């Protein structure tokens, strides 16, 4: 029997989030806990499943290159990563399973404390490596949730305009590109 890949084991995990974001963000912007993508627009939801906002929050943390430890009470998201974006919806969109691979690749690339050679030599366990990857993912997402919360506190309707969620990502990428250009010019 073939051994599961690191990706396969990682994708069976179900990441956590701070429970204080459940009502203020996850239930507010997603069909978390039930409902279909087809009904989300009639309810004013921006995202379908709760993991979609989690993915967004992860990328906010990743693009900011900021992590934040989970504090206080936490809750598992409710669906293992392997099922994120795996279904086409009847009306609105195609599945997006490749996004899981991009998240995993980003985690490997940003996980400077995970020694893949030591893992290969079995000097560290697969479980420890997966725990580290999930913890890193949770920290990036947690920073993203705090950043979303910050925007909501500044302007409660920030994310209710058509481009609200896009604007935050664009602001982060503009800021990062500006810093890179500024650094190059300083040389």
Requested in this report: For the stretch 68-139, just the Cα atoms, rotate onto the principal axes and tell me the three extents in Å, largest first.
Outcome: 48, 32, 18
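For residue 170 and residue 101, compute 0.36 nm times the residue count separating them, minus their Cα-Cα distance, and round to one decimal in nm. Walk me through the numbers on the way to the answer.
On the way: separation 69, 0.36 × 69 = 24.84 nm, distance 2.23 nm.
That works out to 22.6 nm of additional length.
Residue 149 to residue 111: extension gain in nm, 0.36 nm per residue of separation minus the Cα-Cα distance?
Contour length minus the Cα-Cα distance gives 11.1 nm.
Provide the gained length on full extension for the span residue 73 to residue 94, in nm with one decimal, where the gain is 0.36 nm per separating residue minus the Cα-Cα distance. Present the calculation step by step, with values, prior to reporting the outcome.
Numbers: separation 21, 0.36 × 21 = 7.56 nm, distance 3.43 nm.
Separation in residues times 0.36 nm, less the Cα-Cα distance, equals 4.1 nm.
Read the figures in this text as sums done on the coordinates, not as results from a lab. Since the model is a prediction, treat every value here as computed from it, not as a measurement.
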